[in-house]
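Single-structure report; data block below.
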């Protein structure tokens with residue numbers, strides 16, 4: 001049974017702060033690697049990953065100036081298939097992995113011009129992109145409005161059912177004997193340059209020589225981390241909708257559709273059970289998780305502009321979550337070196353946070369890199385730009 005009020009007598013090889021898909025994937029893989037692992041989260045499973053569309057979209061989300069992020073996202077999508085297969089084998093549950101690709105569509109000529117600029121950039125980075133006229137778009141997705149100006153098929157994008165995926169991770173962690181503590185880590189305990197455990201909100205402590213902070217946007221509230229790193233993580237609100245087909249109605253889309261409608265972005269992601277996820281806003285409103293009428297209106301308006309049949313679907317759920325954003329949109333993953341900056345030389349402290357829009361996509365490779373750190377192996381070179389030390393002052397800097 002999950003524990004609460006754990007005292008210092010509890011000792012583990014690894015304690016993971018945060019039970020979203022990042023923390024749970026790490027805990028599962030650490031336990032599978034032979035570490036006695038404790039996962040601490042006040043509501044295990046109630047995380048940003050549950051308020052997500054599950055897009056695995058390194059290609060259609062590649063943006064100007066984010067080459068390093070693109071490289072780690074391509075590494076992530078290449079890893080996801082084998083990780084999902086292992087997860088399904090361990091649990092016996094399907095995670096809803098889909099490989100049809102993303103159909104990016106433009107509603108008007110201005111939207112199309114913007115899409116073509118991004119498509120040219122993505123091709124220059126070696127990414128696959130197939131330009132389609134309006135008729136070809138509607139041949140792929142027959143319910144699209146004839147008003148669609150054109151689009152691009154990005155075959156390298158996938159999607160996964162985020163809730164099935166998160167549930168399977170929790171089951172896999174339990175099967176690997178990960179101990180769950182339903183509490184909140186408030187502080188990393190350390191001395192003489194070495195982490196030695198965590199303090200919990202109820203006053204208890206868990207002793208461990210290895211601490212992994214994977215608490216999403218709440219990582220910034222954990223004492224004992226370098227202040228510059230804490231300040232680099234912020235909550236970014238996202239609202240989305242879940243729609244359901246009425247009984248007897250066939251699926252209305254088979255690809256993920258990412259549309260630009262008069263400059264506004266909206267996406268629609270199909271599920272095997274007939275659900276369609278519509279999202280998502282990006283709002284700098286701090287830790288606010290309220291659903292607003294304006295967001296629901298805007299998402300439905302833009303979705304119906306490109307897919308009019310959306311109006312016939314059932315509005316099954318409205319929800320809002322908090323993504324962990326960072327100043328450069330990149331994750332914060334890894335440990336600290338042996339330099340002289342604040343936080344450097346704190347052995348046994350690892351971070352896995354700041355994944356922003358890509359937490360589900362990056363969860364397998366993040367688990368890989370953290371387990372590599374735990375076992376003393378070098379991480380993949382794609383992670384080099386994303387260590388926590390990039391936010392620390394350089395030696396000799398004013």
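Per-structure values
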| read-out | value |
| --- | --- |
| Whichever residue in the stretch 351-388 is assigned to a helix (DSSP H, G or I) and without any contact (Cβ under 8 Å) to a residue 40 or more places away in the chain and, among such residues, is farthest from residue 56 (Cα to Cα) | 373 |
| Restricting the stretch 192-223 to residues that are modelled with pLDDT under 95 and on the phi > 0 side of the Ramachandran plot, the residue that is surrounded by the most Cβ atoms within 10 Å (Cβ to Cβ) | 193 |
| Odd one out for residue 280 among (1) closer than 22 Å to residue 362 by Cα; (2) modelled with pLDDT of 95 or more; (3) not assigned by TED's automatic domain parsing to the domain that holds residue 371 | (2) |
| Residues within the stretch 55-75 that are outside any loop (DSSP other than H, G, I, E, B) and free of Cβ contacts under 8 Å to residues at least 12 places away in the same chain, tallied | 0 |
| Residues of the stretch 13-54 classified as assigned to a loop (DSSP other than H, G, I, E, B) and over 12 Å from the mean Cα position of the chain (by Cα), total | 12 |
| Filter result for the condition that a residue is modelled with pLDDT of 95 or more and within 30 Å of residue 171 (Cα to Cα), over 81, 45 | 81 |
| Test set (1) out of contact with any strand residue (DSSP E or B) (no Cβ under 7 Å at 6 or more places or on another chain); (2) closer than 24 Å to residue 268 by Cα; (3) crowded, with 20+ Cβ neighbours inside 10 Å - residue 170 fails condition number | (2) |
| Flag for residue 330 being over 23 Å from residue 163 (Cα atoms) and not in a helix (DSSP H, G or I) | yes |
| Elements of type strands (runs of 3 or more DSSP E) in the stretch 111-190, at least 1 residues being within 19 Å of residue 278 (Cα to Cα) and at pLDDT 95 or above | 150-154 |
| Residue 242 buried (at least 17 other Cβ atoms within 10 Å of the Cβ), under 30 Å from residue 317 (Cα atoms) and in the same structural domain as residue 281 (by TED's automatic domain parsing) | yes |
| Per-region count, the stretch 302-337, residues touching a residue at least 12 places away in the same chain (Cβ under 8 Å), more than 30 Å from residue 379 (Cα to Cα) and surrounded by fewer than 22 Cβ atoms within 10 Å (Cβ to Cβ) | 11 |
| Only listed residue being touching a strand residue (DSSP E or B) at 6+ places or on another chain (Cβ under 9 Å) and either assigned by TED's automatic domain parsing to the domain that holds residue 165 or in contact (Cβ under 8 Å) with a residue 24 or more places away in the chain (or both), chosen from 121, 80 | 80 |
| Test: residue in the stretch 99-114 that is surrounded by 15 or more Cβ atoms within 10 Å (Cβ to Cβ), out of contact with any strand residue (DSSP E or B) (no Cβ under 9 Å at 6 or more places or on another chain) and in contact (Cβ under 8 Å) with a residue 40 or more places away in the chain | no |
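The values are calculated or read from the model by the stated rules, or taken from the named source; none is laboratory data. If you're wondering where the values come from, they're calculated on a predicted model, not measured in any experiment. Every residue, glycine among them, receives a Cβ derived from its backbone with ideal geometry; neighbour counts consider all protein chains shown.
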